[in-house]
1. Please work out which one of (1) at pLDDT 95 or above; (2) of a type in the set (Gly, Ala, Ser); (3) exposed (fewer than 11 other Cβ atoms within 10 Å of the Cβ) is the condition Gly82 fails and give its number.
2. Within the range 65-108, how many residues are within 11 Å of the chain's Cα centre (by Cα) and on the phi > 0 side of the Ramachandran plot?
Amino acid sequence: MIRVYSFSFKKGIPEDTSGNGGGYVFDCRGTHNPGRYDEYKSLTGLDEPVIRFLEDNGEILTFLDHVYALADVHLARYIERGFEDLMFSFGCTGGQHRSVYCAEHLARHLNEKFGIAVQLCHRERGITRLLPARG
């Protein structure tokens with residue numbers, strides 16, 4: 001099981017309940033924050049206006065390219081070694097815009113590339129869903 005979280009650093013890093021002691025934690029606060037603008041404050045990284053805001057200058061896409069490269073190598077090794085649990089978490093200021101966007105995209109990327117089930121949790125939004133294994 002791959003678990004991908006979005007969260008707010010103000011509320012702490014998500015707990016790893018697997019007993020493995022955690023995984024990767026990525027800090028999205030270095031990217032441009034849509035939450036600083038009134039028109040995006042009530043929206044999340046799941047909403048099209050926020051997605052466009054984040055993608056327009058390409059900064060978040062470059063950030064995710066680096067995350068994908070690291071995650072792909074690590075997950076391939078985990079699968080090869082027969083490990084059964086890996087956790088990736090994305091934090092930002094409020095756990096609403098940038099972290100949600102990044103968690104969504106990494107979860108889909110890993111699910112599509114490796115065909116593996118991914119549990120996706122947007123902790124601060126109260127949203128959890130499973131992307132089922134493919135094939």
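1. (1)
2. Here the count works out to 1.
The values are calculated or read from the model by the stated rules, or taken from the named source; none is laboratory data. Just so it is clear, the model here is predicted, and its values are computed rather than measured. Note that we place each Cβ from the backbone using ideal geometry, even for glycine, and neighbour counts take in every protein chain shown.
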